[in-house]
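A short write-up of the structure that comes next.
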Amino acid sequence: MQPRCALTIAGSDSGGGAGVQADLRTFSAFGVHGTTALTAVTAQNTQTVRSVVTLPPAEVVAQVRAVLEDFAIAAAKTGMLAEPAIVLAVAELARAGELPPLVVDPVLVSSTGALLLADGGIEAYRDALLPHALLATPNLPEAAALAGVDVRDLATVEDMVAVGRTIADGGPRAVLVKGGHALPGATAAHAPDVLILGQEVVVLDAERVVTRNDHGTGCSLSAAVVAGLALGRELRDAVRDAKAFVLAGLRGAADWQLGQGHGPIDHFGWGP
Ligand code: PXL
């Protein structure tokens, strides 16, 4: 027996809560060996993103190829891609058939409100990268941006289904619209996600964990799906398991005080 391998194409969070740091912890929690193609270095902590340095797209591609040419990578994800040129470079790898099944987490802003994607990035995702995704995992603001609607118009589960279908029409095989960014007016005790899988709609309901320690939940969710896929699970089961994994992580870290702001979740069941 030896571990399966997965790849994350994402940015570094110096605070260790999100980005490749969260992805690698998630892969490890599933017993999957994680490889990385770094897109950007962020100087950040639990409170703020101070600065971002983006790597040249060619260097992102070089990392991806170095990994893919040596490891049997069973599944991959993208996180923070920072700039349209990097989105397009990854899309070209996917178009050329060089990438394994791909989960695209269309990262736009950090949980502390910093912009993590430059102008033109949304269009690059929509037109070039999403058509090659097995699964896209937008949260509500990201889903609204990708579908060209106002996030304030996403008020019900039915709205989430509609926006998910619009995004799915653009290419990804499946879309998971994440409700964690509270639907305005919806039941605040719940955080329903909606999975669009072809004609099928699966509503994944879960309690909302009230905590400031929510940094890296999106990264961890998409990484957990990738880990599940790498372990041979069906997409639907991988998504369910991933949601349960993040919920457990939120619960375990709910009272942690690592940093003064949005701390990380509990990837390893360390608990209170
Ligand atoms: O959660 C999105 C995200 C992705 N990648 C990096 C981040 C963040 C949020 O802060 O810092 C590097």
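The values are calculated or read from the model by the stated rules, or taken from the named source; none is laboratory data. From a predicted model like this one, the values you see are computed outputs, not experimental measurements. Counting neighbours? That spans all protein chains shown, and the Cβs are built from the backbone with ideal geometry, glycine included. Note: accessible area is taken over every heavy atom of the protein model, side chains too, but ligands, DNA and RNA are not part of it. Shrake-Rupley method; radii C 1.70, N 1.55, O 1.52, S 1.80 Å.
Of the residues in region 237-265, how many are without any contact (Cβ under 8 Å) to a residue 60 or more places away in the chain and either among the polar types (S, T, N, Q) or in contact with a Phe, Trp or Tyr (Cβ under 7 Å, 6 or more places away or on another chain) (or both)?
2
May I ask you to list the residues in region 97-107 that are crowded, with 21+ Cβ neighbours inside 10 Å and more than 8 Å from the ligand (Cβ to nearest atom)?
At the first step, the residues of region 97-107 found to be crowded, with 21+ Cβ neighbours inside 10 Å are 99, 102-107.
Passing the criteria: Leu99, Leu102, Val103, Val104, Pro106.
Before we move on, is Leu221 outside any helix (DSSP H, G or I), of a type in the set (A, V, I, L, M) and either within 16 Å of the ligand (Cβ to nearest atom) or open to solvent by less than 20 Å² (accessible area, probe 1.4 Å) (or both)?
On the way: outside any helix (DSSP H, G or I): no; of a type in the set (A, V, I, L, M): yes; either within 16 Å of the ligand (Cβ to nearest atom) or open to solvent by less than 20 Å² (accessible area, probe 1.4 Å) (or both): yes.
It is false that Leu221 is outside any helix (DSSP H, G or I), of a type in the set (A, V, I, L, M) and either within 16 Å of the ligand (Cβ to nearest atom) or open to solvent by less than 20 Å² (accessible area, probe 1.4 Å) (or both).
List the strands (runs of 3 or more DSSP E) inside region 108-206, counting only whole elements, that have at least 2 residues being in contact with a helix residue (DSSP H, G or I) (Cβ under 9 Å, 6 or more places away or on another chain) and surrounded by fewer than 22 Cβ atoms within 10 Å (Cβ to Cβ). Walk me through how you get there before you give the answer.
Working: elements: 174-177, 193-197, 200-204.
Answer list for region 108-206: 200-204.
Among the residues of region 44-61, is there at least one that is without any contact (Cβ under 8 Å) to a residue 24 or more places away in the chain, surrounded by fewer than 21 Cβ atoms within 10 Å (Cβ to Cβ), in a helix (DSSP H, G or I) and not basic (Lys, Arg)?
yes
Tell me which of these Val67 doesn't satisfy, since it passes every other one: (1) open to solvent by less than 50 Å² (accessible area, probe 1.4 Å); (2) in a helix (DSSP H, G or I); (3) within 15 Å of the ligand (Cβ to nearest atom).
For Val67, the exception is condition (3).
With among the aliphatic types (A, V, I, L, M) and within 15 Å of the ligand (Cβ to nearest atom) as the only criterion, which of Val61, Val49 stands out? Let's see the steps before the verdict.
On the way: Val61 fails: within 15 Å of the ligand (Cβ to nearest atom).
Result: Val49 is the single residue among Val61, Val49 that is among the aliphatic types (A, V, I, L, M) and within 15 Å of the ligand (Cβ to nearest atom).
What's the number of the only condition in (1) out of contact with any strand residue (DSSP E or B) (no Cβ under 7 Å at 6 or more places or on another chain); (2) surrounded by fewer than 17 Cβ atoms within 10 Å (Cβ to Cβ); (3) polar (S, T, N, Q) that Thr26 fails to meet?
(2)
Is it the case that region 258-266 has a residue that's open to solvent by less than 30 Å² (accessible area, probe 1.4 Å), over 19 Å from the mean Cα position of the chain (by Cα) and on the phi > 0 side of the Ramachandran plot? Write out each step before concluding.
So in region 258-266, the residues open to solvent by less than 30 Å² (accessible area, probe 1.4 Å) come out as 261, 263-266.
When the remaining residues are screened for being over 19 Å from the mean Cα position of the chain (by Cα), the result is 261.
Keeping just the survivors that are on the phi > 0 side of the Ramachandran plot gives none.
Checked region 258-266: no residue is open to solvent by less than 30 Å² (accessible area, probe 1.4 Å), over 19 Å from the mean Cα position of the chain (by Cα) and on the phi > 0 side of the Ramachandran plot.
Has region 53-73 got any residue that is of a type in the set (D, E, K, R) and closer than 26 Å to Val201 by Cβ?
Within region 53-73, the subset of a type in the set (D, E, K, R) is 59, 65, 69-70.
Applying the additional criterion that residues be closer than 26 Å to Val201 by Cβ yields none.
No, region 53-73 has no match at all.
Considering region 3-15 alone, what residues qualify as being surrounded by fewer than 24 Cβ atoms within 10 Å (Cβ to Cβ) and within 10 Å of the ligand (Cβ to nearest atom)? I'd like the intermediate steps shown before the answer.
To start, the set of residues in region 3-15 that are surrounded by fewer than 24 Cβ atoms within 10 Å (Cβ to Cβ) comprises 3-5, 12, 14.
Listed by number, the residues that qualify are Ser12, Ser14.
Failed condition for Ala76, given (1) open to solvent by 40 Å² or more (accessible area, probe 1.4 Å); (2) outside any helix (DSSP H, G or I), with all others met?
So Ala76 meets the others, but not (1).
Quick one: would you say Thr36 is closer than 24 Å to Pro3 by Cα and within 16 Å of the ligand (Cβ to nearest atom)?
yes
Taking the conditions exactly as written (assigned to a helix (DSSP H, G or I), within 19 Å of Leu235 (Cβ to Cβ) and open to solvent by less than 40 Å² (accessible area, probe 1.4 Å)), does Ala94 satisfy them or not?
Here the answer is yes, as Ala94 does meet what is asked.
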